[in-house]
Amino acid sequence: MNLKDCHNVEDFRKLAKKKLPSPIFHYIDGAADDEITYRRNTSAFNDVDLVPNVLRGVENVDLSTTIFGKKIDLPFYCAPTALQRLFHYDGERAVGKAAQKFNTMFGVSALATVSVEEIASLIDTPKMFQFYFHKDRGLNDAVLQRVKAAKFDVVALTVDTITGGNRERDLRTGFTSPPKLTLSSLFSFASKPMWGINYLTKGKFELPHLQDHVSEGTNIATSIGNYFSTMLDQSMNWEDAEKLCSQWGGHFALKGIMSVEDAKHALDIGCTGIMVSNHGGRQLDGSRSPFDQLAAIVDAVGDKMDVICEGGIQRGTHVLKALSMGAKACSGGRLYLYALAGAGQAGVERALNQYRAEIERGMKLMGCTKISDLNRNNLRFRKI
């Protein structure tokens, strides 16, 4: 399979599996416990049908929307994800440049492998920083100052990683950052020699936002679950979030909101947006899917803040359903990570272009010419 053979997420997934050592692939592909929530994130969209209208004159379709005060040309963006240079040697550089080409937002993780300073020098389109609240308050302050200096547009505090999820695939494969060879993984790494050559020759793997404060993840191999459980501050509370929002002083979001109560509280502390998200099913297995919770949260706060539906997006029609439910935009990680792993920037561009084409085609078939035309009249839930 080659890039030209990729026409949907599953195709990109197969290409990524072909290119990556097993521990790296399953880090992207896996989730928590029995992965029930991971699967539900996508299957939830199948419980509602789209109701199209016809004869509406749909020659010209505008897919743009505005989130966090920035107009983007697509109603979805590349969510922040960690460790991208493990998947392709260009990592965040490739994704950022692809996002800029499509004029959509690019999210950069605190666990990124390329610095906010470099990303800011590469692209001038909207940028989000995903903040992880560490026990080391000096680290927190230093990272926030770097993000300010790099002139990012929005900070999103991740609130659903208070401890690491039970990611059993990572336990079986021995995945760590940086990668560590074990007897069980040796063959997998040896069978993907180009990945190994690129990893060793394309620049040192590092976590530039964290390495001056902690060795874990850059110089000391650790699993992501263990990192969350040992390095992040489990005493983090609403007062901490409100203080961080005030310190930032700009557009601020909470990433990982799943209840109406928490959505209202986010509004109260000054957030201008939230990501309705369960961390891609990688934390609490058995929890609700973002799409299942979306209507109630939109009804509660959607007229006062930007509500983003994050997780499970595999088709343009999924985006249409979320927007019809009232989301301001959608986002996701796997929707571009498989493509990044398979073919770098060219892969991400192909994936984004396919999503754009699917959404535009769907809009025309729905009889809609702009995002604001989408509403709940377009939806019918199936009886269970």
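The values are calculated or read from the model by the stated rules, or taken from the named source; none is laboratory data. Fair warning: this is a prediction, and the values are worked out from it, not measured in the lab. Cβ atoms come from the backbone with ideal geometry, glycine included; neighbour counts cover every protein chain shown.
Asn46 falls short on exactly one of the conditions (1) part of a helix (DSSP H, G or I); (2) surrounded by 13 or more Cβ atoms within 10 Å (Cβ to Cβ); (3) not small (Gly, Ala, Ser), and that condition is (2). Remark: pairs (first residue in the stretch 34-56, under 14 Å from Gly286 (Cα atoms); second residue modelled with pLDDT of 95 or more and part of a helix (DSSP H, G or I); Cβ separation under 6 Å; 6+ apart in sequence or on different chains) = Thr37/Gly281; Tyr38/Gly281; Asn41/Gly281; Ala44/Phe291; Ala44/Asp292. Here Leu74 does not qualify as among the aliphatic types (A, V, I, L, M), surrounded by fewer than 19 Cβ atoms within 10 Å (Cβ to Cβ), modelled with pLDDT of 95 or more and in a loop (DSSP other than H, G, I, E, B).
Against the test of being in contact with a Leu (Cβ under 6 Å, 6 or more places away or on another chain) and over 20 Å from Lys255 (Cα atoms), the options Leu63, Leu50 yield a single qualifying residue, Leu63. Does Tyr89 fit the bill of being outside any helix (DSSP H, G or I), more than 16 Å from the chain's Cα centre (by Cα) and aromatic (Phe, Trp, Tyr)? Here the answer is yes, as Tyr89 does meet what is asked. So how many residues does the stretch 243-267 have that are under 20 Å from Asp292 (Cα atoms), more than 21 Å from the chain's Cα centre (by Cα) and among the aliphatic types (A, V, I, L, M)? Adding up the residues that qualify gives 1. Scanning the stretch 43-91 for residues that are farther than 12 Å from Thr104 by Cβ and of a type in the set (Lys, Arg) yields a count of 2. Among the residues of the stretch 283-319, those that are part of a helix (DSSP H, G or I) and within 24 Å of Gly347 (Cβ to Cβ) comprise Gly316, Thr317, His318, Val319. Scanning the stretch 147-165 for residues that are buried (at least 16 other Cβ atoms within 10 Å of the Cβ) and among the charged types (D, E, K, R) turns up Lys148, Asp153, Asp160.
Filtering Ala94, Ala16, Ala99, Ala31 for residues that are on the phi < 0 side of the Ramachandran plot, part of a loop (DSSP other than H, G, I, E, B), modelled with pLDDT of 95 or more and among the aliphatic types (A, V, I, L, M) leaves a single hit, Ala31.
Among the residues of the stretch 45-57, are any at pLDDT 95 or above, within 19 Å of the chain's Cα centre (by Cα) and under 17 Å from Leu335 (Cα atoms)? Yes: the stretch 45-57 contains one or more residues that are at pLDDT 95 or above, within 19 Å of the chain's Cα centre (by Cα) and under 17 Å from Leu335 (Cα atoms).
Restricting the stretch 266-282 to residues that are touching a helix residue (DSSP H, G or I) at 6+ places or on another chain (Cβ under 6 Å) and part of a helix (DSSP H, G or I) leaves a set whose member that is nearest to Asp34 (Cα to Cα) is Gly281.
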